[in-house]
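This report concerns only the one structure given below.
The values are calculated or read from the model by the stated rules, or taken from the named source; none is laboratory data. As the structure is a prediction and not an experimental result, all values here were calculated from the model. FYI the Cβ positions are ideal-geometry reconstructions off the backbone, even for glycines, and counts take in every protein chain you see. These accessible areas exclude ligands, DNA and RNA; they are computed on the full protein's heavy atoms, side chains included. Shrake-Rupley method; radii C 1.70, N 1.55, O 1.52, S 1.80 Å.
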Amino acid sequence: MKVVSVKNIEKIFKVGKSTVTALRDISFEIEAGELFGLIGPDGSGKTTLFRILTTLMLADKGTASVDGFDVVNDYKQIRKRVGYMPGRFSLYQDLTVEENLSFFATLFNTSIEENYDLIKDIYVQIEKFKTRKAGALSGGMKQKLALSCALIHRPSVLFLDEPTTGVDAVSRKEFWDLLRNLQQQKITILVSTPYMDEASLCDRVALIQDGKILDIDSPKGITKKFNHPLWSAQADNMFKLLTDLKSLVEVNSCYPFGQEHHVTFKDVRESVNDMQARLHKLGHTSIKFKKIEAGIEDCFMDLMKG
Amino acid sequence: MRALFILLEKEFRQIFRDPAILRMMFMMPAIQLLIMPLAADYEVKNVKICIVDYDHSSYSQKLVNKITATDYFRLVDYTDSYDKALTYVEHDEADLVLQIPSSFEKDLIREDEAPLFLAINAINGVKANLGGAYLRSIIGDFNREVRLEWLQLPRQNTQPTIEIESINWFNPLMNYRFFMVPGILVILVTMVGAFLSALNIVKEKEIGTIEQINVTPIRKYQFILGKLIPFWVLGFVILTIGLLISWVAYGIIPVGSFVTIYVFAGVYLLSVLGLGLLVSTFANTQQQAMLLSFFMMMIFILLGGLYTSIDSMPMWAQTFTKFNPVTYFIEVMRMVVLKGSSLYDIRFHLLKVLIFGVVFNSLAIWNYRKRS
């Protein structure tokens, strides 16, 4: 069963006299129980899409349904059965952890006790701070509280807008483990993130850029589509290497990836030895090329270019 | 019902956790009610007068003595140069210049008539008007004394004259504080109600908490009521503190019943809070809300009849005051506190303010969007 279905959604914002198209003709579907990732850089339209699906905003064109209900006509039903965690921490900072949780539980006509089993794994980690004000929590703790609040009414679909932005690496990993656990509770999760490395943790991902979906597939499926050899390059002067590689006519693309540069060549038969020789002439030392498997980010960069 | 209850609980928790709001709630009425009535004094005392005497006669002396003997006037200078007197006016050191011409005594005796010249510094209109009027009445008095001196008036007036005796109803001693304090109290209740309610929803917008509320199934009216009721209660607290202060500090005990005041205040607060909520549905930031409500409050207060009498306003302004809820509460407060009016006497005021309340609140609920 399709839990989320988006058809030809379009949203245009007016900024002064000019217009900004936030979403162009977006369509996709999410199966029940899926952990679906919306991957894209800042300003690509992720939050706008979330706001439309959570009935906070009306689309200009197209239709969408969540859990079988139309986002425009049956918004009341949707509000009862979705959990939404906005990108910005938006709980009451001057209320304590426990007060926030019971406040949202009551608004959904339920109680902490009733759905405690669902949030137990998350809540135990912040329970020792339950008399602390939400504003005084650390970033990771805030996210866990926000997730608990979004879950307290046992939603069938969970919308998480950039839940790991601004959270440290350890907390990010913990957070994804929590999402995996939630998935086993038969909750469909739509999560957005600007971090490409998190894409591989989803069942399926949609790559979004400038309000357009570039590709939708499983993380493996997306990387499989990367059809030309990918090389990682290293040398002593990494910055010079980047500019030199970009200037070479034989090079198709070159992006810095942490410690190394990821390079593709225009001719798939191009030999690495020839390349090394060219770079050597340009004065590079300890040049190393290594053939690697493409990651989501490589695919994203590639799709963006095309 | 449970949703509304938890909204109220949350709102009260937040208010009581904000020490600034609590301090304001007690300090504002105390400071405003203790200081404002002392400053906002209608009686003009210490009008600065400069007398230019070209005559230096015994009559001019008498006149000057008579003027300076009252505590309304303070003599800035007694000079014989009009130009010098005018420089006092220019430097705002004198409000009035009285010029006694050189032939004052001579003309008075010979022609039975002598002119005096009065120049008024009209920058402060109230002071100029009242000072001029005081001075005219003193001169009139002086005139009568002179006539008495010359011709012994017969025991019975040969010509019929009209004597005026007046009595000040409801405020026999014309104590302006009895008149001002209830009015200032109205302003206080209005400001607290309108500002707090306007800023509250906007704060939720700014912090983003409204987003989280909007995705819940709670109804619009529940949300608005959850905002309205706490500030309604706060308004009553302020009113009570204010009434206590005016009793302790000024000995003002309403002639009418407290029930009348509180019933009217309840309805009135509903309309003021509705206005605040309406502002908050338009504004996106606290600055916008603050500016917008401040702008409206300024107009409402200045045209509310607290400082200036509505009867002396131009027609268009008088029409406007009919749409100003502040006007009605000030009128009702004065009616109840000074005259002892009952609920029946203020029924039309009550009805009009109720209509404002319904209109403002309906607009607020209508304009509050859970989605954009």
About its Cα centre, the stretch B:47-156 carries a charge dipole, from +1 on Lys and Arg Cβ atoms and -1 on Asp and Glu Cβ atoms, whose size in debye to the nearest 20 is 440 debye
Note: chain A at 20 °C, 1.002 mPa s; Kirkwood Rh on alpha carbon pairs; Stokes-Einstein D in µm²/s works out to 100 µm²/s
Along the dipole axis of chain B (charges at Cβ: +1 for Lys and Arg, -1 for Asp and Glu; origin at the Cα centre), the most positive-end residue among B:26, B:356, B:173 is B:356
Toy charge model, Lys and Arg Cβ at +1, Asp and Glu Cβ at -1: the protein assembly as shown dipole around Cα centroid in debye, rounded to 20, equals 2280 debye
Along the dipole axis of the stretch B:1-141 (charges at Cβ: +1 for Lys and Arg, -1 for Asp and Glu; origin at the Cα centre), the most positive-end residue among B:6, B:16, B:140 is B:6
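Calculate for chain A the 222 nm mean residue ellipticity that helices alone would give, adding -39,500 (n - 2.57) per DSSP H run of length 4 or more and normalising by residue count, nearest 500 deg cm²/dmol. Write down the numbers at each step before the final one.
On the way: 10 runs with 103 residues, N = 306.
The helix contribution divided over chain A gives -10000 deg cm²/dmol.
Which trypsin sites (Lys or Arg not before Pro) in the stretch B:192-222 pass both tests, a DSSP loop state and at most 16 other beta-carbon atoms within 10 Å? Each step should come with its number before you reach the end.
On the way: sites: B:203, B:205, B:219, B:220; in loops: B:219.
Here the sparse-neighbourhood loop sites are B:219.
Please give the average number of partner chain Cβ atoms lying within 10 Å of the Cβ of each residue in A:44-52, rounded to a whole number.
Per residue, the average neighbour count from other chains is 1.
Per residue, how much accessible surface does the stretch B:47-156 expose to a 1.4 Å probe? Answer in Å², no decimals.
Details: 6580 Å² over 110 residues.
Heavy-atom SASA per residue in the stretch B:47-156 reads 60 Å².
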Taking only C-alpha positions in chain B, Rg and Dmax in angstrom work out to 28.2, 95
Across A:207, A:182, A:137, the residue with the highest GNM fluctuation in chain A (Cα network, 10 Å cutoff) is A:137
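At most 11 other Cβ atoms within 10 Å plus a DSSP loop assignment makes a site exposed; report the longest stretch of chain B without any exposed GluC sites (Glu not before Pro). Mind showing how you got there, number by number?
Details: sites that count: B:43, B:111, B:113, B:163, B:165.
Looking at chain B, B:166-372 is the longest stretch - no exposed GluC sites (Glu not before Pro) with at most 11 other Cβ atoms within 10 Å.
So if R0 is 45 Å, what FRET efficiency would residue B:149 and residue B:38 give, r being the distance between their Cβ atoms, rounded to the nearest 0.05?
Values: r = 42 Å, r/R0 = 0.93.
For R0 = 45 Å, the calculated efficiency reads 0.60.
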Over all Cα pairs of the protein assembly as shown, the Kirkwood radius sets Rh, and Rg/Rh then becomes 1.22
If one compares the long axis through the Cα atoms of helix B:58-69 with the longest principal axis of the Cα atoms of chain B, the angle in degrees, nearest 10, works out at 20 degrees
Of A:13, A:89, A:175, the most mobile residue in a GNM of chain A (C-alpha springs, cutoff 10 Å) is A:13
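Give me the extension gain from residue B:363 to residue B:284: residue separation times 0.36 nm, minus the current Cα-Cα distance, reported in nm with one decimal. All intermediate terms of the calculation are to be shown ahead of the outcome.
Details: separation 79, 0.36 × 79 = 28.44 nm, distance 1.70 nm.
Gain on stretching residue B:363 to residue B:284: 26.7 nm.
A 20 angstrom limit on the alpha carbon distance is what I want to check against. Which of A:120/A:186; A:46/A:80; A:224/A:246 exceed it?
Values: A:120/A:186 16 Å; A:46/A:80 22 Å; A:224/A:246 25 Å.
The pairs that break the limit, which is 20 Å between Cα atoms, are A:46/A:80; A:224/A:246.
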Only helices counted: for chain B, with every DSSP H run of 4 or more residues adding -39500 (n - 2.57) and the sum spread over all residues, [θ] at 222 nm is -21500 deg cm²/dmol
With +1 on the Cβ of every Lys and Arg and -1 on the Cβ of every Asp and Glu, the dipole magnitude of the stretch A:142-274 about its Cα centre, in debye rounded to the nearest 20, is 640 debye
Site residue A:88, offset 7 angstrom along Cα→Cβ, radius 19 Å on amide nitrogen, limited to the stretch A:178-207, gives A:192-194
For the stretch A:114-252, the Debye formula with one identical point scatterer on each Cα and no solvent gives log10 I(q)/I(0) at q = 0.14, 0.18 Å⁻¹ as -0.80, -1.08
Taking a straight Cα-to-Cα line shorter than 26 Å from residue B:84, and setting aside same-chain lysines fewer than 8 residues away, one finds B:45, B:48, B:62, B:66, B:106, B:127
For the pair residue A:177 and residue B:113, the simple spin-label estimate (label points 7 Å beyond Cα toward Cβ) gives in nm 10.9 nm
For chain A, the charge dipole (Cβ of Lys, Arg +1; Cβ of Asp, Glu -1; about the Cα centre) points to a positive end, and the Cα of A:122, A:292, A:65 closest to that extreme belongs to A:65
If each part is reduced to its alpha-carbon centroid, the stretch A:25-97 and the stretch A:183-211 end up apart, in Å, by 13 Å
For residue B:259 and residue B:348, extending 7 Å from Cα along the Cα-Cβ vector and measuring point to point gives, in nm, a value of 2.4 nm
For residue A:2, the aspartates and glutamates lying under 14 Å Cα to Cα, once residues fewer than eight places off in the same chain are dropped, come out as A:29, A:31, A:34, A:67, A:70
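Contour minus end-to-end for residue B:71 and residue B:163, with contour as 0.36 nm per residue of separation and end-to-end as the Cα-Cα distance?
On the way: separation 92, 0.36 × 92 = 33.12 nm, distance 2.53 nm.
Difference between extended and current length: 30.6 nm.
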Taking a straight Cα-to-Cα line shorter than 20 Å from residue B:352, and setting aside same-chain aspartates and glutamates fewer than 8 residues away, one finds B:311, B:331
